[in-house]
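The block underneath contains the structure these notes are about, expressed in structure tokens.
The values are calculated or read from the model by the stated rules, or taken from the named source; none is laboratory data. None of these values were measured; they are calculated from a predicted model. Note that we place each Cβ from the backbone using ideal geometry, even for glycine, and neighbour counts take in every protein chain shown.
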Amino acid sequence: MRDVTLSSLERLGLGAAGAPVVDDGTLTFLMDEDAFRLFYDRTARPVWAYLARITGDRQLADDLLQETYFRFLRSRAEFEDEAHRRNYLFRIATNLAHDARRRAPMVTTPVDDGPGDFAHEHADPQSHDATGQAVRRLDLSRAMRRLKPRERSLLWLAYAQGSSHVEIARTLGLKTGSIKPLLFRARRRLSALLQGGAR
């Protein structure tokens, strides 16, 4: 995962107070540089992991992460609180991932399931069999790749990120009432793939 550096922020046109100025002279980003750095430090790794999981490509996730923060900085959005700001960031990431998929077929760099990944976090805590856990993680990773993009997004946001139904709905642009049945179907499909041996 590549960090957004201060020079990256300067290329975005940050003014002296840390706010990019648009051609019409209005300020589009109300966080100062220190506030943005804190926000970035708290959100970059989860957003990158989300992008890597739903695209299946680490290099693409790097590129989309930078574009996500660029668009976030250029937005004129006003936020109710930190959770709203974070949801907006994931919404941008989701849209960019969907756009990338539509533009071209992806040559993917496989995403390994390391610490903090969905498969790792949901491994059987009672098992001390490292080989068995590795096999289960591999099976889960393969099954996740066979899900539809929206199913991957739903499962990742719900179980890896711990997002609420309201947050998932905002991130994916869906109605809150639709999240529960969509998650149910995504879990059922994932379970079927795992039971069938997602090879």
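Residue pairs whose Cβ atoms lie under 9 Å apart, sitting 6 or more positions apart in sequence or on different chains, and linking a residue in segment 68-82 that is at positive phi to a partner that is assigned to a helix (DSSP H, G or I) and surrounded by 15 or more Cβ atoms within 10 Å (Cβ to Cβ), do not occur here. For segment 49-68, the count of residues that are over 27 Å from Arg142 (Cβ atoms) and surrounded by fewer than 20 Cβ atoms within 10 Å (Cβ to Cβ) is at least one. Reported count of residues in segment 150-199, each being more than 13 Å from Asn87 (Cα to Cα) and acidic (Asp, Glu), is 1.
To keep it simple, each residue is scored yes or no on (1) part of a helix (DSSP H, G or I); (2) at pLDDT 80 or above.
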residue: Ser127; (1), (2): no, no
residue: Gln133; (1), (2): yes, no
residue: Leu138; (1), (2): yes, no
residue: Arg150; (1), (2): yes, yes
residue: Ser153; (1), (2): yes, yes
residue: Ile168; (1), (2): yes, yes
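The set of residues in segment 62-88 being closer than 12 Å to Val47 by Cα and among the aliphatic types (A, V, I, L, M) consists of Leu64, Leu65. Any residue in segment 101-122 that is crowded, with 19+ Cβ neighbours inside 10 Å, at pLDDT 85 or above and within 16 Å of the chain's Cα centre (by Cα)? Within segment 101-122 (the criterion being crowded, with 19+ Cβ neighbours inside 10 Å, at pLDDT 85 or above and within 16 Å of the chain's Cα centre (by Cα)), the answer is no, since none of the residues qualifies.
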